[in-house]
Each structure stands twice: as structure tokens, then as C-alpha cells.
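Note sheet for the following structure.
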Amino acid sequence: MEAKQQAVLLVVEDDRDMRSLLCDELWDLGLRIIEAEDGHAALEQLEQCRPTLILSDLRMPAGGLDYVARLKTLAPHTPIVLMTAFGDPETKAQAYEYGVSAFVEKPVRMAELKQTIKQLIHNHNGAPKEVRD
């Protein structure tokens, strides 16, 4: 019998308290969580591992849509969930054009975020990864 591979979530958030809260809240999904404090650290993490999903703030040091484009270049098949408090329609539309899978407004509603993450991981490459319900 083939063992299920544990899903890996890369959480990218420059606010330490928010990053800690996200990691604590998402821990019960049974994911292996990797943290990065800004866009540079996230890109470095991508050199070391291939996360199943990336959850990232948009506005942070070394962030923005150029950063999203680099993420998609380095990990083209990895779903990206963007979080921002500045989610105007134009930014959202551009983010989706860059290949973002979901867009989450801050303040984050954890139940919705968890459901989005579970759904994206389940659908990732058509092969469900282990995620707790």
C-alpha cells in the first residue's frame, strides 16, 4: 500500500504575529508548514523545497506582483493563495492573470482560508495529499 505524502504549505508573511497566527491556525490541517518573512526568503525556500501550496501576503518587502510572477516561474504548478488588505479589483484581476489560485482579503476569515487550502491541495495535480478535515 502506498503511503500518502504529507502536504507542504509555505506561509509568507512579513508581520511576525500574523505569520505565527496563521501557522498556529493552519497546524490542525496536518500540513508541514514552512515559514518565510518576506519575498526574498520565500524565493530562497523554493530553492530548497517544493511546497504543495504557497500562502503569501502581497504587500511586504520583496513582494508585489513581480514577486508573484517569480513564484510562478520557479513553481509553475504550485497553487498560490494571496492575502492582502489592499484588494482592489484591478490588483485582484492582475493577480489572477499572473496565475494566483485564490485571493483572500485581510482580515482573514480562518474557516474560509482553511477550506480554500484544503480544496486547492486536494486538487493539486489531481493527486490528493494528506490533509485533515
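Using just its DSSP H runs of length 4 or more, each adding -39500 (n - 2.57), the chain gives a mean residue ellipticity at 222 nm of -12000 deg cm²/dmol after division by all residues. Which whole-number percentage describes the relative contact order of the stretch 1-79, with Cα contacts under 8 Å and a sequence gap of 6 or more? Across the stretch 1-79, relative contact order equals 35 percent.
Between helix 16-26 and the chain there is an angle of about 30 degrees, using the helix long axis and the longest principal axis of the Cα atoms.
Counting pairs of Cα atoms in the stretch 34-104, how many percent are more than 18 Å apart? The calculated P(r) of the stretch 34-104 puts 27 percent of pairs beyond 18 Å. Amide H contacts of Met83: Ser56, Asp57, Leu58, Val104, each under 5 Å away and 5 or more positions distant or on a separate chain (H built 1.01 Å from N in the peptide plane; Pro and chain starts excluded).
Principal axis extents of the Cα atoms in the chain, from largest to smallest and rounded to whole angstrom, are 46, 28, 25. Using R0 = 30 Å, the C-beta based FRET efficiency linking Cys49 and Lys106 works out to 0.70.
Quick note: the coordinates plus some simple rules give every number you see, no bench work behind them. All of these numbers come straight from a predicted model, not from anything done at the bench. FYI the Cβ positions are ideal-geometry reconstructions off the backbone, even for glycines, and counts take in every protein chain you see.
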